[in-house]
Amino acid sequence: MTTQRPTADQCPAHASAPPRPDRPLPIFGPAFSTDPDATYALLRAQGPIAPVEIAPNVWGYLTTTYAAALHLLRNTPGRFAKDPRHWHALANGHVPADSPALLMMMPRNNALWMDGREHARLRRAITGSLARVDTHALAASVTRIADELIDEFAHAGFSDLVGQYADQLPMKTMIQMFGCPPEIGLRIVVSVTRLFDTDQDGAAANAELEAACLALTRLKRHHPGADVASWLIDAGLDDEEMVQTTLLVIGAATTPSSNLIMNGMHQVLTDARFSANVHAGVQPISEALDEVLWTKPPVANYSPLYPIGHQEFEGVVLQSGYPILVSFAAANGDPALAIAPEARAGNRGHLAFSAGVHGCPAPDLARIIAETAIERVLDRLPHLALATTEPLHNRPGTFHTGLTHLPVRFQPTSLAPTGR
């Protein structure tokens, strides 16, 4: 292992201590998507923070323990910055222009990538706007959208709950929350989905996403309403800030919410601890979601951070200029936590919604959307069961955890929707 300070395009494995493998493990590709926990275990054996290949020829670190993740999140921005301008490889042009990591980690003019006062100002705009959302109206809206989607396939006795339900429901919900015309909303959410699925054309998706967000911003400046987009404009955001903040909020609420819904449904359908009791109404949906947020957080690895000056954690020297991804999945699955499965219900100590100054600004809204979505499926589709014995496949990519398909069968029905 060389002791020479690496250039920005070299791998951090050669600049950290203790010694690392010559080539860090990739956190992308079919092997990782098939069994990410196996990769996390191998990385955890190397240390609490290990060098990884984030995307082809994009190098950085990944936290592997709960303590390491919490250390970084709690020390942002004092010791770890969010601003991607600290990323040496990006500054020096060493990140491939077509890299899927670039679109998810590049600088944007929104709160996620800011530190200090600018972060605080933009985050206040977000939290203030989301705080104005009527949660009872939100639950009613999700119920209506869920019933409309279920009506499309309830007569068939079979459905793929990913494509026909979980992917569509958060999209339609956010379109309504932002007061967004359907044609603009569809452009936004399709592009966000392509960004998360890192085998897609990220550059084209990003360009389309920004154009659609700008169209919504201009529309709302002339025709404001009682919606999140108008409230963000009221908070004083300019056009560029509106584009990037809209991108941030909708992006955080669509694909991750879809993952939470489908992972929650899969948990209810396949885990004996929940299936019978949830169907019977004895056990609330919230407990199944708690399990999922611990074991399959919808955003697996994200929140890239950059060491400020010399930083180390439990003997691991963190080379400046390299991104450190926080692995919420590895943190929640850390064997050192020793949390028994029966102790997860009601336990909000997981990091699925991140933590610290950049934690999720509205986790309660996310839970309302997911819980209501799952409840409606269970209410509307009698004798619901998984329709395959074949292994289900995870969505590709570094950053999130979700299924590509969730085939189910049920008793066909044309009955009108009923309340719970």
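Read the figures in this text as sums done on the coordinates, not as results from a lab. Not measured: the values here are computed from a predicted model. Don't worry about glycine lacking a Cβ; one is built from the backbone with ideal geometry, like all the others, and counts go over all protein chains shown.
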> Rounded, prolate or oblate: which fits the stretch 84-153 when a ≥ b ≥ c are the square roots of the eigenvalues of the alpha-carbon gyration tensor, with rounded for a/c under 1.5 and prolate only if a/b beats b/c?
Replying inline: oblate
> When N counts the residues of the chain, how does its alpha-carbon radius of gyration compare numerically with 2.2 N^0.38 Å, as a ratio?
Replying inline: 0.98
> Measuring from centroid to centroid over Cα atoms, what is the spacing of the stretch 55-73 and the stretch 317-377 in Å?
Replying inline: 15
>> Using a 7 Å offset from Cα along Cα-Cβ at Asn92, what residues in the stretch 296-324 end up with backbone N under 20 Å from the label point?
In response: 305-311, 317-324
> Starting at 0 and stepping by 10 Å, how many percent of the alpha carbon pairs of the stretch 19-58 end up in each bin?
Replying inline: 30, 59, 11
> When Lys and Arg each count +1 and Asp and Glu each count -1, what net charge do the other residues less than 13 Å away from Arg108, Cβ to Cβ, add up to?
Replying inline: -3
> Which whole-Hz ³J(HN,Hα) couplings does the stretch 291-299 yield from phi under the Karplus relation 6.51 cos²θ - 1.76 cosθ + 1.60, θ = phi - 60°, glycine and proline marked x?
Replying inline: 4, 5, 5, 7, 9, 9, x, x, 10
> How would you classify the stretch 317-420 from its alpha-carbon gyration tensor, with a ≥ b ≥ c the square roots of the eigenvalues: rounded for a/c under 1.5, else prolate if a/b is greater than b/c, otherwise oblate?
Replying inline: prolate
> Ranking Leu70, Leu260 by Cβ neighbours within 10 Å, fewest first, what do you get?
Replying inline: Leu70, Leu260
>> What does the C-alpha gyration tensor say about the overall shape of the stretch 64-121? Classify as rounded when a/c is under 1.5, otherwise prolate if a/b is larger than b/c, or oblate.
In response: oblate
> Which of the lysines could a cross-linker bridge to Lys220, judged by Cα under 29 Å and excluding same-chain residues fewer than eight apart?
Replying inline: Lys172
>> I'd like to compare 355-368, 163-176, 327-340, 242-255: which one has the highest average count of other Cβ atoms within 10 Å, and what's the full order after that?
In response: 242-255, 163-176, 327-340, 355-368
> Ala204 to His222: extension gain in nm, 0.36 nm per residue of separation minus the Cα-Cα distance?
Replying inline: 3.7 nm
> Percent relative contact order of the chain, based on C-alpha pairs within less than 8 angstrom and at least six residues apart?
Replying inline: 25
> Once the Cα gyration tensor of the stretch 228-386 is diagonalised, what are the square roots of 5 times its eigenvalues, in whole Å and ordered largest first, as equivalent ellipsoid semi-axes?
Replying inline: 32, 24, 11
>> Taking 0.36 nm per residue of sequence separation and subtracting the Cα-Cα distance, how much length would be gained by fully extending the chain between Arg144 and Ala340, in nm to one decimal?
In response: 66.9 nm
> Assuming R0 = 35 Å, what is the FRET efficiency of Glu312 and Ser286, from their Cβ-Cβ distance, to the nearest 0.05?
Replying inline: 0.35
> Tally Lys/Arg at +1 and Asp/Glu at -1 over every other residue whose Cβ is under 11 Å from the Cβ of His405; what's the total?
Replying inline: -2
> For the pair His383 and Arg23, how long in nm is the line joining their label points, each one 7 Å along Cα→Cβ?
Replying inline: 5.2
>> Order 55-63, 182-190 from most to least packed using the mean count of other Cβ atoms within 10 Å.
In response: 55-63, 182-190
>> Can you compute the modelled spin-label distance between Cys360 and Arg132, with each label point 7 Å from Cα toward Cβ, in nm?
In response: 2.3
>> Test of understanding: in a Gaussian network model of the chain with alpha carbons linked when under 10 Å, which of Asn110, Asn92, Asn394 would top the mean-square fluctuation ranking?
In response: Asn92
> Projected area of the stretch 22-164, taken from the Cα convex hull and averaged over every viewing direction, in nm²?
Replying inline: 13.2
> Counting pairs of Cα atoms in the stretch 154-220, how many percent are more than 14 Å apart?
Replying inline: 63
